[in-house]
Amino acid sequence: MTSRLRRIAAPAVAVITAALLAAGCAGQPGAAAVVNGEPIAEADLTDASTTLAPFLQEGVAPAALLAAMIQAPVLMDIAAEHGIAVSADQAQEQLAANAEAGGIEVPEEYSPETMELARYLFLVNMVNQSPDAQSINEEFAARLAELDVEVSPRYGTWNPDLSQGSTIQATAPEWIAPVAPEQA
């Protein structure tokens, strides 16, 4: 390779590599996260976020909802082992009751991903009120640590340590320099 070609190729390779890294997870276009090889689509996260937004506290970050989507199947399995469950019908009834009480217009039909997230959100309350809450939460934390999770950099990084408040931790891209506080 000539030195002129190397000078042109090196920046092009860097730009292409950066674009691929920013595009998504593990070569999964359109994935917000990949959990044990299974993608969670950006579109599913957006749909669930938009649909459930009127029911949630204002300002719930998409990363928090993505964390819940990653955690939902794990908690549902553990809770079911302890005799605690929320069916899709029960979640839909609860959403309808909350919508009526809050004057919220609901869609005719919820996507499967939105229903799973709603079931998870209702299940968390039931688990926390259970006499087995401590053992369920310990098992939950252990199983989260076993997951193979890759999160799209736009949402942060996976950290299954629940003591941080969320399993997805916000990160600043390496190319953004921290701003120094102004001197008085």
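The table that follows gives values for the structure above.
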{"quantity": "Residue match in the stretch 27-45 (condition: open to solvent by 40 Å² or more (accessible area, probe 1.4 Å) and assigned to a helix (DSSP H, G or I))", "calculated": "yes"}
{"quantity": "Residue list for the stretch 41-91, restricted to those being among the hydroxyl-bearing types (Ser, Thr, Tyr) and either in contact with a Leu (Cβ under 8 Å, 6 or more places away or on another chain) or at positive phi (or both)", "calculated": "Ser49"}
{"quantity": "Of residues in the stretch 81-97 being part of a helix (DSSP H, G or I) and open to solvent by 60 Å² or more (accessible area, probe 1.4 Å), the one farthest from Leu121 (Cα to Cα)", "calculated": "Glu81"}
{"quantity": "Residue among Leu52, Leu66, Leu75 that is under 16 Å from the mean Cα position of the chain (by Cα), at pLDDT below 95 and closer than 18 Å to Phe122 by Cα", "calculated": "Leu52"}
{"quantity": "Unmet requirement for Ile104, which otherwise passes all of (1) open to solvent by 50 Å² or more (accessible area, probe 1.4 Å); (2) aliphatic (A, V, I, L, M); (3) not in a helix (DSSP H, G or I)", "calculated": "(1)"}
{"quantity": "Residue list for the stretch 122-136, restricted to those being touching a Leu at 6+ places or on another chain (Cβ under 8 Å) and either open to solvent by 50 Å² or more (accessible area, probe 1.4 Å) or polar (S, T, N, Q) (or both)", "calculated": "none"}
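The values are calculated or read from the model by the stated rules, or taken from the named source; none is laboratory data. None of these values were measured; they are calculated from a predicted model. Heads up, the Cβs are rebuilt from the backbone with ideal geometry, glycines too, and the neighbour counts pull from every protein chain shown. Keep in mind that these areas ignore ligands, DNA and RNA; they rest on the heavy atoms of the full protein, side chains included. Shrake-Rupley method; radii C 1.70, N 1.55, O 1.52, S 1.80 Å.
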